[in-house]
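Read through the structure below, which is laid out as structure tokens, and then see the notes.
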Amino acid sequence: MNARSLPLLATVIIFLLAYAVCYSQYPAMLSTRVIGNLLTDNAFLGIVAVGMTFVIISGGIDLSVGSVIAFSGVFIAVLLRDTGLHPVAVFAMLLVITTLFGAAMGATIHYLEMPPFIVTLAGMFLARGMAYVLTIDSVPITHEFYGRLQDFYYLMPGRGRLTLIGGIMLLVFLTGMILAHRTRFGMNVYALGGGVQTARLMGVPVARTTIQIYALSGFLAGLSGIVFSIYTSAGYSLSTVGVELDAIAAVVIGGTLLTGGSGFVAGTLIGVMIMGLIQTYIIFDGTLSSWWTKIVIGFLLFAFIVLQKGLVWIADRNAGALKSAR
Amino acid sequence: MLSRKAWIGAGVLASMAFMASGAVAQTIGFSQIGSESGWRAAETTLTRQQAQERGIDLKFADAQQKQENQIKALRSFIAQGVDAILIAPVVATGWDAVLKEAKEAEIPVVLLDRMVDSSDDLYLTAVGSDLVHEGKVAGEWLVSETNGKECNIVELQGTTGSSPAIDRKKGFEEAIADKSNLKIVRSQTGDFTRAKGKEVMESFLKAENGGRNICALYAHNDDMAVGAIQAIKEAGLKPGEDILIVSIDAVPDIFLAMAAGEANATVELTPNMAGPAFDALAAFMKDGTTPPKFIQTESKLYTQADDPKAVYEAKKDLGY
């Protein structure tokens with residue numbers, strides 16, 4: 001048993017236990033409808049959480065993603081309303097913008113040696129502000145292409161729907177896993193999280209990797225914005241406030257160390273699903289205050305931080321024991 | 001942690017299931033925006049009360065002002081197979097997909113107090129108040145109260161550009177349009193708040209000869225009226241006598257003022273939107289009676305003659 005995969009194991013066990021409890025009370029919770037909903041409703045969160053996983057593994061943080069999602073929705077809605085551009089062209093423009101936005105933040109963090117917290121906080125205000133400048137209204141998207149995207153789903157047995165956006169999220173997770181564990185970029189990200197100095201000594205191109213990480217997070221935030229706009233078929237500058245914090249919570253519950261250097265993309269998917277499951281349970285119950293979602297997530301986060309700290313402590317002690325044995 | 005909480009929940013639920021199994025309990029999901037104002041809190045309280053009276057098992061979901069939470073709640077209601085859904089939508093846009101899903105699952109949806117911009121065959125009906133009508137009721141009261149006497153009116157408007165401010169102004173103006181004795185001499189925004197209502201009223205009083213030229217105040221909501229009453233008292237005049245006061249909403253505090261003789265009339269924006277919604281749903285489920293697409297709630301006028309003290313007592317625990 002590897003100590004590093006213990007948080008992931010804990011996450012999986014908690015998820016299965018929680019689902020079993022939900023199922024025992026509401027057998028309908030195991031229907032394909034609920035599973036389809038979990039994927040569809042959390043698609044936008046899952047996609048940004050993948051980007052956040054890379055950022056956190058590298059020892060950074062990206063607070064701008066929630067605002068970037070809102071900006072994306074407003075950008076798409078306003079462009080589709082005011083110009084004759086096809087949505088696909090707008091999507092492409094948007095992804096270029098958000099990727100460059102992320103890259104610019106990464107460059108600022110690296111070259112000006114600023115803490116990621118401050119730089120991405122500025123990015124958060126900037127993106128939200130840009131959304132407000134474009135419009136303060138909730139702008140509906142009526143392009144018929146959107147209707148086709150929304151009607152594109154696979155009807156599972158039991159009338160559950162695997163929607164396009166749910167599918168996109170699963171695809172992003174799959175790509176993220178390959179990127180993290182099977183490529184040089186992924187290795188560089190882990191190395192960076194272990195410490196910038198050591199990474200540099202190992203020959204990791206620190207500048208390029210940092211910029212790539214935040215560009216990836218910006219790209220995925222843009223993609224998440226597209227997914228969110230398909231989800232609500234509207235752009236609204238006040239939407240997705242605080243999603244960056246949900247994403248961070250999902251990453252930590254998914255077993256990634258907040259200090260960087262260790263974590264799994266797959267764990268983040270389970271983290272997102274646990275959060276979705278809690279919400280679904282509370283709605284199924286219908287009598288609990290929906291703020292219980294936050295309370296339970298708060299407890300889980302706290303438990304995971306303690307678990308991580310405990311593991312680090314045990315690992316240190318073992319290392320110490322080894323040394324004295326020698 | 002989750003599991004322990006869940007087990008407590010299980011116990012509560014099991015006992016509830018026993019209670020519910022006796023009656024022909026219907027399950028209705030209610031997706032509320034949040035609890036941003038006293039009025040909305042009262043709407044939630046009344047919806048729960050109305051559901052309880054009818055033996056309906058109400059599944060309540062507070063969206064914390066977020067549309068994504070409301071969409072999630074609606075999808076979960078559908079997955080759970082509820083009999084009907086009530087929703088007070090936080091924004092007008094973006095409901096097509098989820099309303100279509102509800103329609104395909106044959107679950108009727110009723111909108112409460114706010115509208116959506118989706119096609120109206122996607123929901124059963126909408127229950128709400130007519131803001132123009134509210135302004136009209138307030139205007140008509142003043143017309144009959146002044147009964148032909150010369151009267152200069154000052155108006156405290158709601159937040160500039162908000163639909164209640166625009167429509168309540170419009171309705172009031174329509175009601176007094178052909179009465180030459182009634183004239184709005186000053187009109188300014190008080191932002192729907194007490195503090196701003198007081199401040200603006202102070203400037204009205206100064207501008208109109210210490211208030212001696214003013215015969216009536218029309219405030220777009222009760223809170224501004226309560227603030228204005230304070231200003232009138234400080235100026236040494238008697239609110240309710242020297243200056244007639246009519247406002248809209250019927251929150252508990254205005255009834256205290258009415259009981260003290262300091263306010264004259266208020267038009268109720270009823271927080272009981274769920275009652276008419278449940279009635280419409282019951283009729284629809286019984287024999288398929290399709291209700292009209294918009295059910296207008298009553299804009300009831302309360303004056304000092306309506307025992308304001310008793311109304312206050314009845315309203316004060318609703319969560320306003």
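When residues in the stretch B:203-233 are screened for being among the acidic types (Asp, Glu) and more than 25 Å from residue B:250 (Cβ to Cβ), 1 of them pass. In this entry, residue A:70 passes the filter for residues that are part of a helix (DSSP H, G or I), within 23 Å of residue A:122 (Cα to Cα) and in contact with a Lys or Arg (Cβ under 8 Å, 6 or more places away or on another chain).
Filtered by the rule that a residue be more than 16 Å from residue A:164 (Cβ to Cβ), crowded, with 18+ Cβ neighbours inside 10 Å and within 7 Å of chain B (Cβ to nearest Cβ), the stretch A:27-39 gives A:31, A:33, A:34. Of B:282, B:260, all but one fail to be out of contact with any strand residue (DSSP E or B) (no Cβ under 8 Å at 6 or more places or on another chain), farther than 21 Å from residue B:165 by Cβ and not assigned by TED's automatic domain parsing to the domain that holds residue B:172; the exception is B:282.
Would you check which residues across the stretch A:154-163 are within 12 Å of another protein chain (Cβ to nearest Cβ) and either crowded, with 19+ Cβ neighbours inside 10 Å or without any contact (Cβ under 8 Å) to a residue 60 or more places away in the chain (or both) and list them? Of everything in the stretch A:154-163, those that are within 12 Å of another protein chain (Cβ to nearest Cβ) and either crowded, with 19+ Cβ neighbours inside 10 Å or without any contact (Cβ under 8 Å) to a residue 60 or more places away in the chain (or both) turn out to be A:155, A:160, A:161, A:163. Tell me, please, whether a residue that is more than 11 Å from chain A (Cβ to nearest Cβ), at positive phi and either of a type in the set (A, V, I, L, M) or under 21 Å from the mean Cα position of the chain (by Cα) (or both) can be found in the stretch B:103-111. No. Here is the figure for the stretch B:112-130: residues that are within 12 Å of chain A (Cβ to nearest Cβ) and either over 17 Å from residue B:163 (Cα atoms) or in a helix (DSSP H, G or I) (or both) total 2. Scanning the stretch A:122-153 for residues that are surrounded by fewer than 17 Cβ atoms within 10 Å (Cβ to Cβ) and of a type in the set (Lys, Arg) gives a single hit, A:148. For residue A:236, the criteria (1) within 9 Å of another protein chain (Cβ to nearest Cβ); (2) of a type in the set (Phe, Trp, Tyr); (3) touching a helix residue (DSSP H, G or I) at 6+ places or on another chain (Cβ under 6 Å) hold in every case but one, which is (3). Taken together, A:189, A:119, A:172 contain a single residue that is closer than 30 Å to residue A:35 by Cα, at pLDDT 95 or above, buried (at least 19 other Cβ atoms within 10 Å of the Cβ) and among the β-branched types (Val, Ile, Thr), which is A:172. If the condition is being away from chain A (no Cβ under 12 Å) and surrounded by 22 or more Cβ atoms within 10 Å (Cβ to Cβ), then the stretch B:43-67 contributes B:43, B:47. Do you know which residues across the stretch B:207-266 are farther than 19 Å from residue B:153 by Cβ, out of contact with any Asp or Glu (no Cβ under 7 Å at 6 or more places or on another chain) and in contact (Cβ under 8 Å) with a residue 60 or more places away in the chain? Scanning the stretch B:207-266 gives B:252, B:255. When A:17, A:79, A:63 are screened for being more than 14 Å from every other protein chain (Cβ to nearest Cβ), part of a helix (DSSP H, G or I) and surrounded by fewer than 24 Cβ atoms within 10 Å (Cβ to Cβ), only A:79 passes. With respect to residue B:279, is the statement that it is crowded, with 22+ Cβ neighbours inside 10 Å and of a type in the set (D, E, K, R) true? So residue B:279 fails the test.
Of the residues making up the stretch B:274-320, those that are farther than 19 Å from residue B:258 by Cβ and among the hydrophobic types (A, V, I, L, M, F, W, C) are B:274, B:277, B:278, B:280, B:281, B:282, B:283, B:284, B:285, B:294, B:295. Pairs meeting the criteria (first residue in the stretch A:266-290 and touching a residue at least 60 places away in the same chain (Cβ under 8 Å) and away from chain B (no Cβ under 11 Å), second residue crowded, with 24+ Cβ neighbours inside 10 Å and not in a helix (DSSP H, G or I), beta carbons under 6 Å, at least 6 apart or on different chains) are A:267/A:254; A:267/A:255; A:268/A:254; A:270/A:254; A:271/A:254; A:272/A:42. Go through the residues of the stretch A:40-51 one by one and say whether even a single one is within 11 Å of chain B (Cβ to nearest Cβ) and assigned to a loop (DSSP other than H, G, I, E, B). Checking the stretch A:40-51: at least one residue is within 11 Å of chain B (Cβ to nearest Cβ) and assigned to a loop (DSSP other than H, G, I, E, B). Kindly evaluate residue B:192 against the criterion of being out of contact with any Cys (no Cβ under 9 Å at 6 or more places or on another chain), in a loop (DSSP other than H, G, I, E, B) and buried (at least 22 other Cβ atoms within 10 Å of the Cβ). Against the criterion (out of contact with any Cys (no Cβ under 9 Å at 6 or more places or on another chain), in a loop (DSSP other than H, G, I, E, B) and buried (at least 22 other Cβ atoms within 10 Å of the Cβ)), residue B:192 qualifies. Here is the figure for the stretch B:98-115: residues that are surrounded by fewer than 21 Cβ atoms within 10 Å (Cβ to Cβ) and touching a Pro at 6+ places or on another chain (Cβ under 8 Å) total 2. When every residue of the stretch B:147-155 is checked against the conditions, none turns out to be within 29 Å of residue B:282 (Cβ to Cβ) and modelled with pLDDT of 95 or more. The helices (runs of 4 or more DSSP H) found entirely in the stretch A:217-326 that carry 1 or more residues being in contact with a Ser or Thr (Cβ under 7 Å, 6 or more places away or on another chain) are A:243-253, A:265-285. Selection of first residues in the stretch B:287-305 that are part of a loop (DSSP other than H, G, I, E, B) and of second residues that are surrounded by 13 or more Cβ atoms within 10 Å (Cβ to Cβ) and aliphatic (A, V, I, L, M), restricted to Cβ pairs under 6 Å at least 6 apart or on distinct chains, gives the following pairs, ordered by first then second residue: B:289/B:283; B:291/B:280; B:299/B:137; B:299/B:267. Regarding the stretch B:80-88, can at least one residue be identified that is in contact (Cβ under 8 Å) with a residue 60 or more places away in the chain and surrounded by fewer than 20 Cβ atoms within 10 Å (Cβ to Cβ)? Within the stretch B:80-88, one or more residues are in contact (Cβ under 8 Å) with a residue 60 or more places away in the chain and surrounded by fewer than 20 Cβ atoms within 10 Å (Cβ to Cβ). Scanning for something within 14 Å of chain B (Cβ to nearest Cβ), surrounded by fewer than 24 Cβ atoms within 10 Å (Cβ to Cβ) and among the acidic types (Asp, Glu), does the stretch A:94-116 turn up at least one residue? No, the stretch A:94-116 has no match at all.
The values are calculated or read from the model by the stated rules, or taken from the named source; none is laboratory data. If you're wondering where the values come from, they're calculated on a predicted model, not measured in any experiment. When we count neighbours, we look across all protein chains shown, and the Cβ atoms used for this are built from the backbone with ideal geometry, even at glycine.
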